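Everything below concerns the one structure shown next.
The values are calculated or read from the model by the stated rules, or taken from the named source; none is laboratory data. Source: prediction; values computed, not measured. Positions of Cβ are generated from backbone atoms using ideal geometry, with glycine treated the same way; all protein chains shown enter the neighbour counts.
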Amino acid sequence: MTQTTHNARNQNDSLLRFMTCGSVDDGKSTLIGRLLFDTKTILADTLTQITKTSKKRGMEAVDLSLLTDGLQAEREQGITIDVAYRYFSTGTRKYIIADAPGHEQYTRNMVTAASTANLAIILIDARKGVLTQTRRHSYLAHLVGIQHILVAVNKMDLMNYNENTYNEICADYLTFANEIGLAQSRSGANKDIRFIPMSALNGDMLVDRLENMPWYKGETLLEMLEKAPAAHTEQNEEFRFPVQFVCRPHASADADLHDFRGFMGRIESGDIAVGDSVTVLPNGYQSKVKAIQIGDAQLLNAQTEQSVTLLLEDEIDTSRGDMIVKTGSKIEPVKQIEAFVCWLSETPMSPARTYIIRHTTRESKAKIGTIAYKVDVNTMQQQATVDLKMNDIARVSFKLAQPLMLDSYTQNRAIGAFIVIDESTNNTVGAGMIV
Amino acid sequence: MLNKNSLKQPLSHLDWLESEAIHILREVAGQCSNPVLLFSGGKDSLCILRLAEKAFRPGKFPFPLMHIDTGHNYQEVIDFRDQRAAELGERLIVRSVEDSMKRGTVVLKTPDEPRNKHQSVTLLEAIEEFAFDCCIGGARRDEEKARAKERIMSFRDEFGQWDPKNQRPELWNLYNARSHKGENIRAFPISNWTEMDVWQYIERENLQLPSIYFAHNRPIIMRGGAIFPANVPLANGEVINQPKAGEEVINMQVRFRTVGDITCTAPVISDADTVSKIVLETATTTITERGATRLDDQTSDASMEQRKKEGYF
């Protein structure tokens, strides 16, 4: 396997965001450290630093988990308190790792990390097999819409690289995944669940195969990552363009610009071409796309994830928070919504209060209707509840002051997601996924 | 015209990063009432200026530019800063650490100590003077471990403090830039970029940079195992980093990987005199950007974290 970190010549590579689920005990930090180390992302001075620290802590070998050692505040308490983002590149792909702490009280961090990931690595300690936390991590990855799961059976070195141990764990995991419906993807087809035996400590099957598991014929972890589909490439999503900002340089010295009216935003899903008929929601005005621009560049069409400026044929009164869709697309403004909500704040959700919901570039005041049930993230059992505490996940209905234009989260992650804001503190207190 | 199938191709990583950064800049413009873009003339902030052009042209930027000048900056960089702001036709505000020293709000322990950490005081004074509710900056998460956990929209209280244990959760691309009067948001559009991404973007966009980023001959001294630029003239006529007794001044071909306070920013030995040579050099380097060049981060394992808690960028 070639191991160049940065390939300067390859400009056509894509980007993959993935998350790692597991606790320090599963070797998660070692796995990330090993990926960074074996792809040559770790440079000499960082290595010198962690070698020193390893010695200071009385360890014989360099402890690669120190590469993800966090803040002073965390070291003092001996815990990881927050999602950290790490980067590496193979020359064919750039990777963003969301590294989330795995304990139960950090459900909110798992949900945060999962929200931007297209793939999850779920770590299992080969000595312990499928545990409650494995179920929790798998359920949360599924809830937040991650379609690609890599189950990494780690610490194979401590089980003499035994093939039977590995096979039994894989079978256990599949049984559990089928029981709770994790094996089904949003289209109803089988979800992409893959297994890999490894030793992050020694580096078996991460970047290099090494020779300890000749019985395993599958791909290494890095090979799987290199082939994993990027976000938005697998589904036909409809065109959704929330307007972020309206550009009207009418005071410009350039007279040609006096009538310029550009609708600026990021295409959250789908694609658009010059000449397409569009409707602006919630008002329902119709027009056609006259031009698509990125800076000075004029485009004939544009796709998901591009930040562009759209010019329309007709003068339409449009402002931030409106959404441009293709005419005929099935999406309507609604004032009542049903969602799975993960509560993120130490202050419990109070059903009596009014909150702000931010969805795409739009905000609305929201009142809680009913809380149907909350989900025990360890057993996936439903329980009755009257309020939500931090890390709770529940099915909640809201009444809205302003209409929102929504898709269900399983159809469209960007247009099905929202956050809940507490107006008194301005804190982000909840994360929602439209049912 | 592209056909429908080709639209299923994912964006290249540079296009993706560019689009994400434009989106973040537009969210700042959409959510904040009085933002400012911090611009030093350094490579990261020059990338952000290009991103702002792509985000807002043909309109004007919905924010002024501001530089917190330590008075210890390379003249080439200051000239470049002024020239770039003039070319863009955007307003540039300069506030100086030396003015804070005159006011008595910055007190130096020794006259030639690094002034990077003192920028926080001047920055907070400028935020109060103009009532800015958001400062856009070029920090990246790959720079330093205290940055790896920083939000893209990072909340600071009235004292400019960052509380790592109490950050707002940040999910999907739904950013929360709300603040009450006196509080402040720091927005980092290139959080997810690495040093390599920055150089690749500079190459692709053909961005102009201050000359000290490219290999040049410069008198240097070796001090504490690091290369130190020697005898650097300042705008006020003063010459700093003069050799101490026993130190030898030699001429070396060097370039800067990062540009900051002269007293704590070291150059690296290099013959890379074009952007594409720098891209190649970055691909094969064995030392991190800050490890090579930022002497102020090496005082302790947590020096960046400490500075950020005190209001630093």
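For a quick check of your reading: which helices (runs of 4 or more DSSP H) sit entirely within segment B:1-109 and have at least 1 residues that are of a type in the set (S, T, N, Q) and free of Cβ contacts under 8 Å to residues at least 12 places away in the same chain?
B:13-31, B:75-88
Which residues, taken from segment A:281-328, are within 30 Å of B:S12 (Cβ to Cβ) and surrounded by fewer than 16 Cβ atoms within 10 Å (Cβ to Cβ)?
A:K288, A:K290, A:A291, A:D296, A:A297, A:Q298, A:L300
Tell me yes or no: at least one residue of segment A:132-150 is on the phi < 0 side of the Ramachandran plot, out of contact with any helix residue (DSSP H, G or I) (no Cβ under 7 Å at 6 or more places or on another chain), of a type outside the set (G, A, S) and free of Cβ contacts under 8 Å to residues at least 24 places away in the same chain.
No, because not a single residue in segment A:132-150 is on the phi < 0 side of the Ramachandran plot, out of contact with any helix residue (DSSP H, G or I) (no Cβ under 7 Å at 6 or more places or on another chain), of a type outside the set (G, A, S) and free of Cβ contacts under 8 Å to residues at least 24 places away in the same chain.
Out of all the residues in segment B:241-248, is one or more over 25 Å from A:T92 (Cβ atoms), outside the structural domain of B:S45 (by TED's automatic domain parsing) and aliphatic (A, V, I, L, M)? Steps first, please.
The first filter runs over segment B:241-248 and keeps only residues over 25 Å from A:T92 (Cβ atoms), leaving B:241-248.
Cutting the leftovers down to outside the structural domain of B:S45 (by TED's automatic domain parsing) gives us B:241-248.
Next, only the ones that are aliphatic (A, V, I, L, M) stay: B:245.
Taking every residue of segment B:241-248 in turn, at least one turns out to be over 25 Å from A:T92 (Cβ atoms), outside the structural domain of B:S45 (by TED's automatic domain parsing) and aliphatic (A, V, I, L, M).
Can you pull out the residues in segment A:242-269 that are under 20 Å from A:T361 (Cβ atoms) and surrounded by fewer than 13 Cβ atoms within 10 Å (Cβ to Cβ)?
none
The rows are residues; the columns are (1) outside any helix (DSSP H, G or I); (2) away from chain A (no Cβ under 14 Å); (3) closer than 25 Å to B:I48 by Cβ.
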| position | (1), (2), (3) |
| --- | --- |
| B:I202 | no, no, yes |
| B:I220 | yes, yes, no |
| B:A235 | yes, yes, yes |
| B:G246 | yes, yes, no |
| B:V259 | yes, yes, yes |
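If A:G328 satisfies all but one of (1) over 18 Å from B:G30 (Cβ atoms); (2) part of a strand (DSSP E or B); (3) more than 12 Å from chain B (Cβ to nearest Cβ), what's the number of the condition it fails?
(2)
Given B:L17, B:L49, which one is aliphatic (A, V, I, L, M), under 17 Å from the mean Cα position of the chain (by Cα) and at pLDDT 95 or above?
B:L49
Return the residue satisfying two criteria in turn: it lies in segment A:31-84 and is farther than 26 Å from A:V207 by Cβ and more than 13 Å from chain B (Cβ to nearest Cβ), and of such residues it is modelled with the lowest pLDDT.
Taking the candidates together, the pick is A:G78.
Can you name the condition, by its number, that A:M159 falls short on among (1) in contact (Cβ under 8 Å) with a residue 40 or more places away in the chain; (2) more than 14 Å from chain B (Cβ to nearest Cβ); (3) among the hydrophobic types (A, V, I, L, M, F, W, C)?
(1)
Yes/no matrix, rows are residues, columns are (1) surrounded by 19 or more Cβ atoms within 10 Å (Cβ to Cβ); (2) out of contact with any Lys or Arg (no Cβ under 9 Å at 6 or more places or on another chain):
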site	(1), (2)
B:T70	yes, no
B:Y74	yes, yes
B:V77	yes, yes
B:R84	yes, yes
B:E87	no, yes
B:L92	no, no
B:K102	no, yes
B:V106	yes, no
B:E113	no, yes
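Please verify whether A:S277 is within 16 Å of A:T318 (Cβ to Cβ), more than 8 Å from every other protein chain (Cβ to nearest Cβ) and in contact (Cβ under 8 Å) with a residue 40 or more places away in the chain, treating the condition exactly as stated. It would help to see each step written out before you state the result.
Values: within 16 Å of A:T318 (Cβ to Cβ): yes; more than 8 Å from every other protein chain (Cβ to nearest Cβ): yes; in contact (Cβ under 8 Å) with a residue 40 or more places away in the chain: yes.
Criteria met by A:S277.
What number of residues in segment B:162-193 are of a type in the set (A, V, I, L, M, F, W, C) and not in a loop (DSSP other than H, G, I, E, B)?
4
Assess whether A:A302 counts as being in a strand (DSSP E or B), touching a residue at least 12 places away in the same chain (Cβ under 8 Å), more than 22 Å from A:R108 (Cα to Cα) and of a type in the set (A, V, I, L, M).
Yes: the conditions hold for A:A302.
Scan segment A:368-386 and tell me whether some residue there is among the hydrophobic types (A, V, I, L, M, F, W, C) and either within 11 Å of chain B (Cβ to nearest Cβ) or under 20 Å from the mean Cα position of the chain (by Cα) (or both).
yes
Looking at this structure, is B:R151 crowded, with 17+ Cβ neighbours inside 10 Å and part of a loop (DSSP other than H, G, I, E, B)? Before the answer, list the steps.
On the way: crowded, with 17+ Cβ neighbours inside 10 Å: yes; part of a loop (DSSP other than H, G, I, E, B): yes.
For B:R151, the condition - crowded, with 17+ Cβ neighbours inside 10 Å and part of a loop (DSSP other than H, G, I, E, B) - is met.
Considering only segment B:174-194, state which residues are within 14 Å of the chain's Cα centre (by Cα) and either among the aromatic types (F, W, Y) or more than 9 Å from chain A (Cβ to nearest Cβ) (or both).
B:R186, B:A187, B:F188, B:P189, B:I190, B:W193
List every residue pair whose Cβ atoms sit under 6 Å apart, with the two residues 6 or more apart in sequence or on different chains, where the first one lies in segment B:203-221 and is touching a residue at least 12 places away in the same chain (Cβ under 8 Å) and polar (S, T, N, Q) and the second, anywhere, is part of a helix (DSSP H, G or I) and surrounded by fewer than 19 Cβ atoms within 10 Å (Cβ to Cβ).
Filtered contacts from segment B:203-221: B:S211/B:E76.
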